[in-house]
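Structure record follows, encoded as structure tokens.
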Amino acid sequence: MSEGPAPGGYRDVDRGGPPDLDDRGIGAGDGPRPTLDGYDAGDTGRGGVTRARRFWSQRRVPAALAALILLGATGLLLYDIAAVRAGHQAMYWRRALVGQLARRPLEDVWILVAAAVATALGLWLLALALTPGLRRLLPMRRESVPVRAGLDREAAELALRDRAMEVSGVRSARVRLRRSRAKVNAAAHFRALDQVRADLERALDDGIGELGLDRRPSLTVRVHRPAKKG
């Protein structure tokens with residue numbers, strides 16, 4: 001028996017009864033389920049929690065700049081070719097460029113510099129196309145498939161810093177959080193450093209767990225005495 005529609009268009013189906021059919025006549029458990037933003041609904045980890053991957057940046061500015069540059073260069077070249085076909089002389093920049101390429105050898109410094117710049121630009125564009133970006137947004141656990149959540153890196157660092165400041169003996173703390181590692185540098189003005197470090201590790205370990213991140217970062221804690229003034 002169906003228990004009614006669930007969020008995202010899926011239905012919860014009892015194991016003992018026949019599956020419900022959607023508007024297309026397809027059973028809820030038949031075949032691969034649709035994806036949401038590139039995430040397969042069946043890609044679940046431990047405890048049935050769907051794995052969350054990094055958010056992809058749309059990168060509107062690099063895409064717009066690349067499109068404008070290519071559009072301008074292509075339009076200018078097509079205009080010059082059409083002008084030559086119509087009986088006019090080619091533009092000066094194209095005649096000068098052809099002359100320079102005909103006279104300069106491949107090992108010329110300017111040829112190598114231009115090739116290096118073009119290669120670096122191409123690699124940069126490939127890196128933008130193949131990497132997610134948005135490193136300041138940490139993905140959180142996906143306990144419900146249609147819902148995606150992220151936590152701002154600065155907000156997570158501030159939450160861990162507040163946890164560290166609650167530990168007795170901590171005077172100041174600096175937190176650097178990455179997707180796979182959390183580094184905490186704290187200054188203790190009283191109590192033994194080993195005791196402060198142990199309390200910090202316990203408090204920050206609990207704090208990291210409460211952040212609800214999909215990938216739990218490893219914790220590194222350093223405790224030192226503050227420098228004396230004067």
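The values are calculated or read from the model by the stated rules, or taken from the named source; none is laboratory data. Keep in mind it's a predicted model, so treat the numbers as computed, not measured. Heads up, the Cβs are rebuilt from the backbone with ideal geometry, glycines too, and the neighbour counts pull from every protein chain shown.
Per-structure values
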{"item": "Within the stretch 136-195, strands (runs of 3 or more DSSP E) holding 1 or more residues that are at pLDDT below 90 and small (Gly, Ala, Ser)", "result": "150-152"}
{"item": "Tally of residues being farther than 16 Å from Leu160 by Cα and exposed (fewer than 13 other Cβ atoms within 10 Å of the Cβ) across the stretch 211-227", "result": "4"}
{"item": "Long-range neighbours under 8 Å by Cβ, at least six apart or interchain, first residue more than 15 Å from Leu213 (Cα to Cα) and in a loop (DSSP other than H, G, I, E, B) within the stretch 47-65, second at pLDDT below 75 and not basic (Lys, Arg)", "result": "Trp56/Gly38; Trp56/Gly133; Ser57/Gly133; Arg59/Gly133"}
{"item": "Qualifying residue in the stretch 83-90 (condition: of a type in the set (Lys, Arg), surrounded by fewer than 13 Cβ atoms within 10 Å (Cβ to Cβ) and not in a loop (DSSP other than H, G, I, E, B))", "result": "yes"}
{"item": "Selection within the stretch 172-187 - of a type outside the set (A, V, I, L, M, F, W, C), farther than 14 Å from Ile208 by Cβ and touching a helix residue (DSSP H, G or I) at 6+ places or on another chain (Cβ under 9 Å)", "result": "Ser172, Arg174"}
{"item": "Pairs where the first residue, in the stretch 201-230, is in a loop (DSSP other than H, G, I, E, B) and the second is surrounded by fewer than 16 Cβ atoms within 10 Å (Cβ to Cβ) and hydroxyl-bearing (Ser, Thr, Tyr), C-beta under 8 Å, 6+ apart", "result": "Arg215/Ser180; Pro217/Ser180; Pro226/Ser172"}
{"item": "Test: residue in the stretch 107-129 that is over 30 Å from Lys228 (Cβ atoms), in contact with a helix residue (DSSP H, G or I) (Cβ under 6 Å, 6 or more places away or on another chain), part of a helix (DSSP H, G or I) and at pLDDT below 90", "result": "yes"}
{"item": "Filtered residues of the stretch 66-92 (kept if in contact (Cβ under 8 Å) with a residue 24 or more places away in the chain and either of a type in the set (Lys, Arg) or in contact with a strand residue (DSSP E or B) (Cβ under 7 Å, 6 or more places away or on another chain) (or both))", "result": "none"}
{"item": "Every pair of residues 6+ apart whose Cβ atoms lie under 8 Å, when the first sits in the stretch 93-113 and is assigned by TED's automatic domain parsing to the domain that holds Tyr79 and more than 21 Å from Ala83 (Cβ to Cβ) while the second is of a type outside the set (Val, Ile, Thr) and outside any loop (DSSP other than H, G, I, E, B)", "result": "Arg104/Trp110"}
